[in-house]
1. Assess whether A:Leu235 counts as being of a type in the set (A, V, I, L, M), in contact with a helix residue (DSSP H, G or I) (Cβ under 9 Å, 6 or more places away or on another chain), outside any helix (DSSP H, G or I) and facing another protein chain (nearest Cβ under 10 Å).
2. I'd like to check something: does the range A:211-230 contain any residue that is in contact with a helix residue (DSSP H, G or I) (Cβ under 9 Å, 6 or more places away or on another chain), over 19 Å from A:Lys20 (Cα atoms), open to solvent by 50 Å² or more (accessible area, probe 1.4 Å) and without any contact (Cβ under 8 Å) to a residue 60 or more places away in the chain?
3. Identify all residues within the range A:244-253 that are in contact (Cβ under 8 Å) with a residue 12 or more places away in the chain, outside any loop (DSSP other than H, G, I, E, B) and within 9 Å of chain B (Cβ to nearest Cβ); write none if there are none.
4. Can you name the condition, by its number, that A:Ala40 falls short on among (1) more than 14 Å from every other protein chain (Cβ to nearest Cβ); (2) within 29 Å of B:Ala174 (Cα to Cα); (3) open to solvent by less than 10 Å² (accessible area, probe 1.4 Å)?
5. Based on this model, can you work out whether B:Gly149 counts as closer than 15 Å to B:Ser85 by Cβ and surrounded by fewer than 22 Cβ atoms within 10 Å (Cβ to Cβ)?
6. Counting only residues that are within 7 Å of another protein chain (Cβ to nearest Cβ) and either over 12 Å from A:Lys246 (Cα atoms) or open to solvent by 20 Å² or more (accessible area, probe 1.4 Å) (or both), how many does the range B:270-284 have?
7. Select the strands (runs of 3 or more DSSP E) contained entirely in the range A:108-220, then report the ones holding at least 1 residues which are under 18 Å from A:Leu90 (Cβ atoms).
8. In the range A:235-250, how many residues are open to solvent by 50 Å² or more (accessible area, probe 1.4 Å) and more than 18 Å from A:Thr264 (Cβ to Cβ)?
Amino acid sequence: MIVLDNVSFRYSNDTAWVLKNNSLRIDQGEYIAILGQNGAGKSTLVRLLNGLLRPTQGNVYINGMNTSNSSVAELAREVGLVFQNPDHQLFAQTVRDELQFSVKTLEWSAEKQNNAIKETLTQLDLTLFSDRSPFKLSGGEKRRTSIGTIWVRDPSILILDEPTTGQDAVQKRNLASLLSRLQTYGKTIFLVTHDIEFTIKHCPRVIILKEGQIIGDGPTMKVFSNQRIMSEACLFPPQIIRLIWKLQETHPNLSMPNNPQEFTQSIENFLKNQ
Amino acid sequence: MSIIQFRDVSFSYHTGECDFPALKNVNLEISPGSFVLICGATGCGKSSLFRALNGLVPHFYEGQFTGQVLVNGKDTRQFSTRDLSLEVGLVFQNPDNQLIAMNVERELAFGPENLGLSREKIIAQVEYALDVVNIQHLRKKSPLELSGGEQQRVAIASVLALNPPILALDEPTANLDPQRALDILAFLSQLKHQGKTILIVEHRLELVLPLVDKMVVMQNGRIAVEGSVEFVLRSQDPAIDALELPPIVELFKYMEKTYPRFSDIPFTVEKASEILFAKKNEGFKV
């Protein structure tokens with residue numbers, strides 16, 4: 001579980017606040033996205049979760065541990081961060097070496113380490129590539145390897161920074177099914193993203209950040225269809241929501257679908273009802 | 001008359017062990033002043049196509065090149081990349097890979113300086129680029145202290161400082177939030193209206209389609225489908241599966257399949273709502 005208790009942060013006493021009075025609770029096993037304009041404070045928030053930064057005011061708790069009193073090593077066991085660009089994360093000779101390096105720092109028996117590596121290779125469909133150089137893999141395979149290096153440590157919270165950037169539709173679909181599969185293992189999946197269309201399709205909950213403050217938090221469809229939040233955060237609402245708004249201008253009884261899967265049904269209802 | 005012509009162009013990179021075919025028998029004509037979207041799965045040949053535009057393929061990248069690319073009438077094999085840089089400006093996805101100077105003004109002067117232009121001419125070109133992209137206020141700043149959107153504008157300006165008639169942009173908005181991405185796309189559309197030819201790779205179709213005159217879908221080094229947006233969206237070609245179609249397009253493709261009287265494929269909210277209102281007024285029954 002992640003808890004932010006009235007958290008504020010600034011890099012030094014004479015600089016502006018990057019995060020201001022944010023409180024938040026994310027339960028274990030949630031699949032959640034955080035959105036906001038460039039510079040809204042998303043990266044700072046993520047760094048507060050894995051202990052790279054400590055709050056200036058307030059407290060951050062990860063599975064009950066106060067990050068202000070915990071080491072980065074302790075927190076890294078709970079929170080895994082996957083970088084936006086796999087090239088910034090990968091360095092070893094083979095995919096297996098990448099995973100091996102990642103577990104080496106944990107106080108695990110050799111057997112436990114080997115089992116974790118084997119399982120990760122299977123769960124992320126990497127077994128075939130285990131002896132290949134990560135740099136000779138395709139973009140999607142590289143991405144899976146970079147997730148694997150974190151996954152192998154068995155963190156309870158997995159944070160992915162902009163995982164869909166530069167991915168084509170097929171890679172995005174594969175990533176989406178991988179993330180839903182990982183979530184079934186009870187992990188918390190936390191995306192930092194600009195990808196509104198991906199978020200609306202896959203993440204049940206969303207947080208909107210603007211100038212260091214959480215201005216929206218709740219079920220994705222509900223937050224994205226809140227005109228005030230979206231315009232305040234300068235976010236461009238997803239197409240399906242904009243279409244429903246447009247139709248509602250003359251047909252106020254038309255209801256917003258609860259999820260994107262119900263979108264077609266809503267349009268059919270619109271055409272059907274007088 | 002086309003400003004860009006690819007005539008049966010094939011190119012394979014020499015990668016050491018084996019040749020990697022990146023472009024296969026590509027034929028393409030682009031009219032001047034058009035806004036062209038190039039899309040397709042990762043590795044389909046989009047970047048190689050761009051490199052062939054300004055002569056990086058075959059002058060810089062080793063490989064086997066056949067066919068002919070004409071840019072503003074210039075055969076890319078006969079002209080140096082220096083000459084071709086006056087015809088085509090390339091903008092990459094990540095401005096960090098492109099920006100090198102101490103401040104924005106120096107950054108914009110870098111291209112014209114390398115062409116050996118006179119001091120007066122360099123100053124005029126830099127002023128032109130600052131004005132067109134509307135970044136006069138950033139001129140003394142270091143590119144490193146700018147936001148992602150500002151950096152991308154500087155990258156575009158640095159290319160415009162050479163005032164080429166063609167701009168080719170490889171995912172220029174990938175690192176930007178949707179609002180800033182839209183700002184850049186709207187700005188590119190303005191440049192088109194000033195007569196520039198724009199080629200762009202962009203995955204976020206819902207943002208870019210309303211601006212596009214021609215859409216080209218590539219697959220495995222070939223052009224799979226090309227034409228107007230509506231023509232391409234209707235295509236049954238499997239290459240379309242690699243695109244993330246906007247939800248409205250998905251909706252109307254479903255409607256077309258399910259209900260015989262649905263035959264339009266709109267891609268903007270305005271057009272979609274117009275069609276739905278018309279259908280409802282006609283007394284359409286589902």
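The values are calculated or read from the model by the stated rules, or taken from the named source; none is laboratory data. As the structure is a computational prediction, the values presented were derived from the model and not from experiment. Quick reminder, even Gly has a Cβ in these numbers, built from the backbone with ideal geometry, and neighbours come from all protein chains shown. Side chains included, ligands, DNA and RNA excluded: accessible areas come from the protein's heavy atoms. Shrake-Rupley method; radii C 1.70, N 1.55, O 1.52, S 1.80 Å.
1. Taking the combined requirement at face value, the residue satisfies it.
2. yes
3. Within the range A:244-253, A:Trp245, A:Leu247 meet the criteria.
4. Every condition holds for A:Ala40 apart from (1).
5. When the stated conditions are applied, B:Gly149 does not pass them.
6. 3
7. Those strands (runs of 3 or more DSSP E) span A:157-161.
8. Count: 3.
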